[in-house]
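Student: One structure coming up, written as structure tokens, with questions to follow.
The values are calculated or read from the model by the stated rules, or taken from the named source; none is laboratory data. Every value quoted in this text rests on a predicted model; they were computed, and no experiment measured them. Glycine gets a Cβ as well: all are built from the backbone with ideal geometry, and neighbour counts include every protein chain shown. Just so you know, the surface numbers come from the protein's heavy atoms only, side chains and all, with ligands and any DNA or RNA stripped out. Shrake-Rupley method; radii C 1.70, N 1.55, O 1.52, S 1.80 Å.
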Amino acid sequence: MSNQLSNQKRGLMFACFTAFLWGFLAIALKVAVTHIDPITVSWFRFSFATLLMILFLLFQKPGEIKTIKKFPWLALVAAAGLSINYIGYISGIQLTSPNNAQIIIQFAPLLLGVIGIVFFREKITRRQLGGIVIAVIGFYFFYANQLSGTTDHNRSTYNIGTFYILIAALSWVVYAVCQKVLVRTYPVRIINFILFI
């Protein structure tokens, strides 16, 4: 029981740290796309992640590479989803704003929750269902509020940017569902290694 509690605390700590970094990501990407195109920025993100993963596996977990006895082809679908997510998200930021991107991308975990209920038969409480309904209403009001503050010319740009972010959210869900299936057979680090390459 204490080990489970310890794992929960560690998980919460990692989740908080990740959320902290995500808060800066949108701002950093907005600055980056003023100098470099979105696809190049995404290429650098994947390349840097691949380099770190190779170094980690070589020095910390060299035996895990041998766990791939049969290539996980579903990882290619996950990689495509993650690639589209990166490019769609940064393209959306380029056309809208970091604030907009951070709100709209939250459609991804919401949709993943719905998919978990429908396809993975996860249980849902009334409170969680109420949360989903409130979130959807919140997305609508946020979108309507953002549109009301734009001119006709900027509205078209805003809609295109928001569409890119929604595509990024949907592609992230594809990636996440594939990962959920893959982790049943392969170590997480190996899956990430394949995805980044």
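Student: Modelled label-to-label distance, residue 43 and residue 160, 7 Å Cα→beta-carbon offset: nm?
Tutor: With each label point 7 Å from Cα toward Cβ, the separation is 2.2 nm.
Student: As a check on your grasp of the helix formula, calculate [θ] at 222 nm for the chain: sum -39500 (n - 2.57) over DSSP H runs of n ≥ 4, divide by the residue count, round to the nearest 500. Can you show the working numbers first?
Tutor: Numbers: 8 runs with 158 residues, N = 197.
After summing the helix terms and dividing by residue count, I get -27500 deg cm²/dmol.
Student: Shifting gears a bit: Given a 1.4 Å probe and heavy atoms of the protein chains only, how would you sort 155, 45, 10, 121, largest accessible area at the top? Write down the numbers at each step before the final one.
Tutor: Details: 155 85, 45 60, 10 125, 121 180 Å².
Largest to smallest exposure gives the sequence 121, 10, 155, 45.
Student: If you don't mind, there's one more thing I want to ask. Counting other C-beta atoms within 10 Å, and keeping those with at most 11, which DSSP coil chymotrypsin sites (Phe, Trp or Tyr not before Pro) do you find in region 114-165? Intermediate results must be reported in sequence, preceding the final value.
Tutor: Values: sites: 119, 120, 139, 140, 141, 142, 143, 158, 163, 164; in loops: 120.
Loop-located and lightly packed - 120.
Student: Kindly sort 157, 125 by accessible area of their heavy atoms, largest first, with the probe set to 1.4 Å.
Tutor: Details: 157 45, 125 75 Å².
Ranking 157, 125 by accessible area, largest first, yields 125, 157.
Student: For the pair residue 56 and residue 127, what calculated FRET efficiency results from E = 1/(1 + (r/R0)^6), where r is the Cβ-Cβ distance and R0 = 41 Å, to the nearest 0.05?
Tutor: Details: r = 39 Å, r/R0 = 0.95.
Efficiency, from the Cβ-Cβ distance: 0.55.
Student: I would also like to ask the following. What FRET efficiency comes out for residue 151 versus residue 181 if R0 is 45 angstrom and r is the Cβ-Cβ distance? Round to the nearest 0.05.
Tutor: 0.50
Student: Here are some values of semi-axes √(5λ) of the Cα gyration tensor in Å: (1) 29, 23, 12; (2) 29, 19, 16; (3) 31, 23, 16. Which one was computed from this structure?
Tutor: Of the labelled values, this structure produces (3).
Student: While we're looking at this one, here's another question. State the Cα centre-to-centre distance between region 114-168 and region 76-106 in whole Å.
Tutor: Computed from Cα coordinates, the inter-centre distance equals 14 Å.
Student: Work out the length of the dipole vector of the chain about its Cα centre, built from +1 on the beta-carbon of each Lys and Arg and -1 on the beta-carbon of each Asp and Glu, and round it to the nearest 20 debye. Please list the in-between numbers first.
Tutor: Details: 16 positive and 4 negative charges, 176 e Å.
Charge dipole of the chain: 840 debye, to the nearest 20.
Student: Something else about it: Full-extension gain between residue 76 and residue 17, please, as 0.36 nm times their residue separation minus the C-alpha to C-alpha distance.
Tutor: Values: separation 59, 0.36 × 59 = 21.24 nm, distance 2.80 nm.
This chain segment gains 18.4 nm when fully extended.
Student: On the accessible surface of region 1-64, probed at 1.4 Å, how many percent belong to carbon and sulfur atoms?
Tutor: Details: 3650 of 4870 Å².
That share works out to 75 percent.
Student: Now for a different question. Can you work out the accessible area per residue across the chain, with the rest of the protein chains kept in place, probe 1.4 Å, in square angstrom? Don't jump to the answer; show the numbers that get you there.
Tutor: Values: 12700 Å² over 197 residues.
Heavy-atom SASA per residue in the chain reads 64 Å².
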